[in-house]
Amino acid sequence: MQERYEPAAVEAEAQAYWDSHRCFEAREDATREKYYCLAMFPYPSGRLHMGHVRNYTIGDVLSRFMRMNGRNVLQPMGWDAFGLPAENAAIANGVPPAKWTFDNIAYMKGQFKSLGIALDWSRELATCDPEYYRWNQWLFLRMMEKGIAYQKTGVVNWDPVDRTVLANEQVIDGRGWRTGALIEKREIPMYYLKITAYAEDLLAALDRMPGWPERVRAMQANWIGKSEGVRLGFPHEVGGAGVMHAFTTRADTIMGVTFCAVAPEHPLAAHAARDNPALAAFIEECKRGPAVEAELATQEKRGMPTGLFVRHPLSLSPVPVWVGNYVLMSYGDGAVMGVPAHDERDFEFAKKYGLPIRQVIEVDGREYSTDAWQPWYAAHGRCINSGVYDGLQFQEAVDAVAADLERLGLGEKQTTWRLRDWGISRQRYWGCPIPIIHCAACGAVPVPDAQLPVVLPVDLVPDGSGNPLLKDERFLAVECPQCGAAARRETDTMDTFVDSSWYFLRFACADNVRAMLDERVRYWLPVDQYIGGIEHAILHLLYSRFWTRFLEEMGEVKFKEPFANLFTLGMVLNDVYFRKPDSGRIEYFNPADVTVTVDPATQRRVAVLRSDGKEVESGGVVTMSKSKNNGVDPLALIGEFGADTARLFTMFAAPPEQTLEWSDEAVQGAFRFIKRLWKAVHEHVSRGAAPRLQKDSLNDVQAAMRRMVHQTLAKVTDDIGRRRTYNTAIAAVMELLNALGKFTQQTPQDRGVMQEALQIAVITLSPIVPHVTHALWHELGNRGALIDEPWPSVDEQALQTATLEMVVQVNGKLRGRIVVAVDAAESAVRAAALADANVQRFIGAAAVRKVIVVPGKLVNVVV
């Protein structure tokens, strides 16, 4: 065996073996229990980062462990390959998005292989492949037939310079992120999927998903947002008799209404703006703002009075109508009743504009003030200043108000949902074409199944002047499937969330060119363990659950929930260093290019850029990202230390659900541990073959060592298999290796104990550091490949001992330890505890009042 550990050679040999023997290609086998482990597939941005390394190593450790425990494991990989970044890269580099995407896929695939991830590449898929997205189109057409997919006008962000629609995140301070042009709100035809039809089931099922983190289930429940309340009407005579409707979950506060706010697009706002140029300008400004509730919640609340009034539905008193930038036309009826005394948003608005604040709810022991908002103001309590409702508690007040409104024809109880139908139209090129043909005579006509897929041209280069499909007659010109007349293809493409809403199903049958899914889905699905970042906790997972439900209704699958267990991992963090010039953009510097020292006089940390020797500022420790230039290149790390070091570091530095802070010292420590393991095996095998261990003739030292070996095995098995705490599993093997370093090999039995110990250390570490353990397994004299070995069983006999250690307390405080026979009588344990010198010192001259013995654990002496 070579004395020096050389990771490059070791890892190349292991990977060559796995490839040549096709070790990770999964096959359906009805006689074996399956295990489908899936980490969320990546966008082919061109380079893996350490967050990827952590994500996919977690899945790989589980996959390898389950394989060694007899499960038939599937761990596939694919590419979430459509999307806007490819178009941006195409604009910047003058190349088609397809070329950029496939070049990146090839490069990242090599990175995955260098990490030794046990992936079944025979099932590889890319969502930009027509053989994949044809089934997006096929299922979209089935949804249209069922009324789940439909078209209506929707409000979008329009960049008048680029002549394209922008996502909300591309609108910065009301301007396009690239052009800086003021964004316009436009109503255009959009395609939607009726996810709201599944809202009740999607919400109720969350209570039956114990394998999902509580935090994620709560996030999904909040996003679905079921609200029980009252839809009420405010009568008015604006442009003739009418009613302005609003929804509230707090009908008990109805007598506290002092204003109403409507969305900028509301008909009352439009009516008022006809003769009010200032209001019209404000409305246009609001329309350029964010269009999603999450962003509206954080922006400054602004408004303007319309000069219009509606009548309170119960008191009939006039209520002023304002336009509010925080009201969404797409939520409810686009209007809210303002109760500033008991709603924080309304309170903020009323204070800003001097509107009345009328307390109508009191809580015992609390004193109300309009000086500043207090959280309890929004609590349920007892009605006051509310006329006939005074003294009523929350639910009885809601019931009474709802009954009165219904009698007047101005309200009723209603359930509303925060969830909105999923708008899938994107006015962009690099995405799945929507299979619709527009005919002047026939209207919007679905593409026949026989003509699928509608193939996206791959040679177009976006130039920033709108969707290039609009200029490509090869794509646009087509005959109407119904009448044969000249027609035009739909140029909108699908939201990329569509691509990721079912890819996990396609991995089961990626080679089927005749059907979207087949019987293999029934074997592999649901996914046993799904792994990914918390940032995907809502939309991707919710859309996947919706998509699966529709497929279940069609009879394509036999389950509704696609992921039995979900794990969300913490982010990888690193230092940030930058300079902020007087003018221009902040310049960030990679931590690898910065030297940090501590001034001995002031103890101040000083960061200096190596290239020029000048100081840089520290931005603290934040998530690794390209924008902050604080990422660590996995390939550079692998080149210096090997893939096993990268894997070991990410698994050991922190529990997987917590954030991981990058540390050069910790990486060095992981590398040193692997070298120590290599050295321990080298020293052992250099003495020749070890004799067979005689388990029944061990001395005390040998038995104690073997007991520790099997205690370690039991702990690692539990930590990986049940607790999923990989860092503690690694720590246990580290402790074992430390103990083996002190274990002398003087007799054949010593050599036998050491052989078993090293084999167990190697095999228990193999899911985490598979390359080096592949080599060490052979060096220890084993013929077969470690990847094919079963996980070892704990030898219960090895764990047995004739004696045990017990803690001794005096008045509940630890004062000593005693070693007694396992079967020692309680009287003998008591006597040993009282005879311990340290215990006697703490008892002193005091009388012993009681001795409490907890068998096998402790003795407490009460004085």
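Under 17 Å from a point 7 Å along the Cα-to-Cβ line of Leu635: which residues of region 88-118 have their amide N that close? Within reach of a label on Leu635, which here means backbone N under 17 Å from a point 7 Å along Cα→Cβ, region 88-118 contributes 100-117. Among Arg474, Arg71, Arg604, the order of accessible area from largest down is Arg474, Arg604, Arg71, computed with a 1.4 Å probe on protein heavy atoms. Seen from Asn590, the other residues with C-beta closer than 15 Å to its C-beta sum to a net charge of -2, counting Lys and Arg as +1 and Asp and Glu as -1.
When shorter helices are ignored and each DSSP H run of at least 4 residues is given -39500 (n - 2.57), the per-residue value for the chain at 222 nm works out to -10500 deg cm²/dmol.
Straight Cα distances below 29 angstrom link Lys813 to the lysines Lys715, Lys850, Lys857, with same-chain residues fewer than 8 positions distant left out. Among the protein heavy atoms, those of Leu470 account for about 100 Å² of accessible surface (1.4 Å probe, every chain in place).
Could you work out what % of the accessible surface of region 720-820 is carbon and sulfur, using a 1.4 angstrom probe and leaving DNA, RNA and ligands out of the count?
On the way: 2010 of 4270 Å².
The computed percentage sits at 47.
Relative contact order for region 150-219: 33 percent, from Cα pairs under 8 Å spaced at least 6 residues apart, divided by residue count. The 1.4 Å probe gives accessible areas that order Lys614, Lys34, Lys742, largest first, as Lys742, Lys614, Lys34.
Taking 0.36 nm per residue of sequence separation and subtracting the Cα-Cα distance, how much length would be gained by fully extending the chain between Ser827 and Arg418, in nm to one decimal?
Details: separation 409, 0.36 × 409 = 147.24 nm, distance 6.78 nm.
In short, 140.5 nm is gained.
Accessible surface for the chain, divided over its residues, is 45 Å² per residue with a 1.4 Å probe.
Run the simple label-point estimate for Arg579 and Val363 please: 7 Å along Cα→C-beta, distance reported in nm. Label at Arg579, label at Val363, 5.3 nm between them.
Label positions at Arg47 and Asp29, each projected 7 Å from the Cα along the C-beta direction, are separated by 4.1 nm. Using a cutoff of 8 angstrom between alpha carbon atoms and counting only pairs six or more residues apart, the relative contact order for the chain works out to 13 percent.
Here is the link list: Lys152/Lys558; Lys580/Lys628; Lys34/Lys675; Lys580/Lys626; Lys109/Lys560. Which ones come out longer than 24 Å on Cα distance? Listed pairs above 24 Å: Lys152/Lys558; Lys34/Lys675; Lys109/Lys560.
If I require 30 Å or longer along the helix axis, counting alpha carbons, and a Kyte-Doolittle average no lower than -1.0, what helices from the chain are left? Use full DSSP H segments.
664-685
Ignoring lysines fewer than eight residues from Lys679 along the same chain, the ones with Cα atoms less than 20 angstrom from its Cα are Lys742. Annotation: Glu535 carries an accessible surface of approximately 120 Å², with a 1.4 Å probe and no ligand, DNA or RNA atoms counted. When each of the peptides 301-310, 218-227 is scored by the mean number of other C-beta atoms lying within 10 Å of its residues, the order from highest to lowest reads 301-310, 218-227.
Could the peptides 420-433, 663-676 be put in order, highest first, of the mean number of other beta-carbon atoms found within 10 Å of their residues?
420-433, 663-676
Note on Arg610 and Asp129: the extension gain reaches 168.7 nm, defined as 0.36 nm multiplied by sequence separation minus the Cα-Cα distance. So what's the gap between the Cα centers of region 94-138 and region 305-346, to the nearest angstrom? Using only Cα atoms, the two centres lie 51 Å from each other.
Taking the accessible area of region 42-136, probe 1.4 Å, and keeping the other protein chains in place, the carbon and sulfur fraction comes to 54%. Each Cα pair under 8 Å and six or more residues apart adds its separation to the average, and for region 592-704 the resulting relative contact order is 11 percent.
Shown is the FRET efficiency for Arg817 and Ile534, computed with R0 = 41 Å from the Cβ-Cβ distance and rounded to the nearest 0.05: 0.40.
Toward the positive end of the charge dipole of the chain, with +1 on the Cβ of Lys and Arg and -1 on the Cβ of Asp and Glu, the farthest Cα among Phe507, Val853, Phe309 is that of Val853. If you roll a 1.4 Å probe over region 276-411 with all protein chains in place, what percent of the accessible area is carbon or sulfur? Here it works out to 52 percent.
The values are calculated or read from the model by the stated rules, or taken from the named source; none is laboratory data. In this text the structure is predicted, and so the values were computed from the model without any measurement. We place every Cβ from the backbone using ideal geometry, glycine too, and count neighbours over all the protein chains shown. When the accessible area is computed, the model is the full protein with side chains, heavy atoms only, and any ligands, DNA or RNA have been set aside. Shrake-Rupley method; radii C 1.70, N 1.55, O 1.52, S 1.80 Å.
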